[in-house]
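Here's the structure, in C-alpha cells; my notes come after.
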Amino acid sequence: MNTKLKCLLLDDELPGLTYLKMLCEQIPELEIVKTFNNPQKLLSDIPDLDFDLLISDIEMPGIDGLHLAEMLDNKLVIFCTAYKEYAADAFNIDAVDYITKPVKLERLQKAVSKAFERFDKSDNSKKFIQLNTDKGKTLLYFNKIQYITTAVSDSRDKTVLLADGSFLNLKNVKFDTLLHELPDADFCRINKKEIVAVKAIKFFNHNEIVLHHLEENNKNTALILSETYRSDFLKKVKL
C-alpha cells in the first residue's frame, strides 16, 4: 500500500495555485509532484508524469477542468472552484470531491482522505494496467508478466516476456511508471534495464537470476542481478 498520493495541482490564477500548494503541503498523505497554471501545459507534460491525483480548478482558458479530467486515464480528481453549478457534471465523471472556494484546510483534508480510500481499494483489486504498444492499446495482466526489459530498438520502449512465451512491445513508458503500477510484492527491479516477476525465478545467486523460461536454444533465460538493486531483491525474496 502506498503511504502517499502523488498529486498534481492546477489553477490558472497564481495566487490561488500558491494558496492551494500551501494547503496541500500541510496534508501528510500528499506528495506534490508538480504545479501548473496552464491546463494545456499539464496535458503536454502528462506522458512524463507519475501521479495518482489531480486537484484542479474548473473554469480556465483553453480547456476547462471537467474536459481535462475526462482525458486522464484512471486518475483521481478533486475539483476546487469558485462556482457551484458544475457539481453535478463533476460527479458525473466520477470526481472524488467538489470543493467551492475559498478552500479550507479541513475541507481539503476530508477530500484527500476520500481519494486515499478510493486509491487503496483500486490498488488492492487492480489486476492489470492499460498501456500503449506498437499495435495499439493493451491490457497487461500482472500474472502474465515474466520480465520486462529495455527494448533493443528504442530505449524509451520496453519489451515484456509473457507467460505463454510471446513478447509485447510497450511504447514510451518508464521503469518508474511501471514499478509504481505493478504489485510491489510480486515484482523487483534487478538492474538498470530489467524488472522481473518473482514467480518467474527458477534459481538465483549473488550476481545472476535464472528464469523458468526456456529460450530457443533450450537454455533458461539468465539475467544479471546488479549490485545497485541486490539488497532490495534479497529483501523481496525474504532472505
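The values are calculated or read from the model by the stated rules, or taken from the named source; none is laboratory data. Fair warning: this is a prediction, and the values are worked out from it, not measured in the lab. So basically every Cβ, Gly included, is an ideal-geometry build from the backbone, and we count neighbours across all protein chains shown. These accessible areas exclude ligands, DNA and RNA; they are computed on the full protein's heavy atoms, side chains included. Shrake-Rupley method; radii C 1.70, N 1.55, O 1.52, S 1.80 Å.
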Inset, instruction - Answer yes or no: is there a residue in region 141-154 that is farther than 27 Å from V198 by Cα and either part of a helix (DSSP H, G or I) or of a type outside the set (S, T, Y) (or both). - result: no
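Of the residues F91, F175, F167, which is among the aromatic types (F, W, Y) and open to solvent by less than 90 Å² (accessible area, probe 1.4 Å)?
On the way: F91 fails: open to solvent by less than 90 Å² (accessible area, probe 1.4 Å); F167 fails: open to solvent by less than 90 Å² (accessible area, probe 1.4 Å).
Among F91, F175, F167, only F175 is among the aromatic types (F, W, Y) and open to solvent by less than 90 Å² (accessible area, probe 1.4 Å).
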Inset, instruction - For region 193-206, enumerate the residues that are modelled with pLDDT of 95 or more and part of a loop (DSSP other than H, G, I, E, B). - result: K193
Inset, instruction - Could you check I58 against (1) surrounded by 16 or more Cβ atoms within 10 Å (Cβ to Cβ); (2) over 23 Å from the mean Cα position of the chain (by Cα); (3) farther than 15 Å from V77 by Cα and say which number it fails? - result: (3)
Legend entry - Residue pairs meeting the criteria (Cβ under 6 Å; at least 6 apart or on separate chains; first more than 19 Å from Q40 (Cα to Cα) and of a type outside the set (S, T, N, Q), in region 70-93; second open to solvent by 50 Å² or more (accessible area, probe 1.4 Å) and modelled with pLDDT under 95): I93/E70
Inset, instruction - For region 46-63, indicate whether the set of residues that are within 24 Å of L23 (Cα to Cα), assigned to a helix (DSSP H, G or I) and in contact with a strand residue (DSSP E or B) (Cβ under 6 Å, 6 or more places away or on another chain) is non-empty. - result: no
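Could you grab me the full set of residues in region 208-219 that are open to solvent by less than 50 Å² (accessible area, probe 1.4 Å) and touching a Lys or Arg at 6+ places or on another chain (Cβ under 8 Å)?
From region 208-219, those open to solvent by less than 50 Å² (accessible area, probe 1.4 Å) are 209-211, 213; that's our starting set.
Of everything in region 208-219, those that are open to solvent by less than 50 Å² (accessible area, probe 1.4 Å) and touching a Lys or Arg at 6+ places or on another chain (Cβ under 8 Å) turn out to be V210, L211.
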Inset, instruction - May I ask you to list pairs of residues, at least six apart or on different chains, whose Cβ atoms are under 6 Å apart, with the first in region 167-189 being part of a strand (DSSP E or B) and the second being surrounded by fewer than 15 Cβ atoms within 10 Å (Cβ to Cβ)? - result: N169/D134
Inset, instruction - Starting from region 25-39, keep only residues that are of a type in the set (V, I, T) and assigned to a strand (DSSP E or B), then list their pairs with residues that are open to solvent by less than 50 Å² (accessible area, probe 1.4 Å) and at pLDDT 95 or above whose Cβ atoms are within a distance under 6 Å, requiring at least 6 positions of separation or different chains. - result: I32/C7; I32/C24; V33/L8; T35/L9; T35/L17
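Have a look at K114, K127, K137 and point out the one that is under 28 Å from L170 (Cα atoms), within 20 Å of the chain's Cα centre (by Cα), at pLDDT 90 or above and not hydroxyl-bearing (S, T, Y). Before the answer, list the steps.
Details: K114 fails: under 28 Å from L170 (Cα atoms); K127 fails: at pLDDT 90 or above.
From the options K114, K127, K137, the qualifying one is K137.
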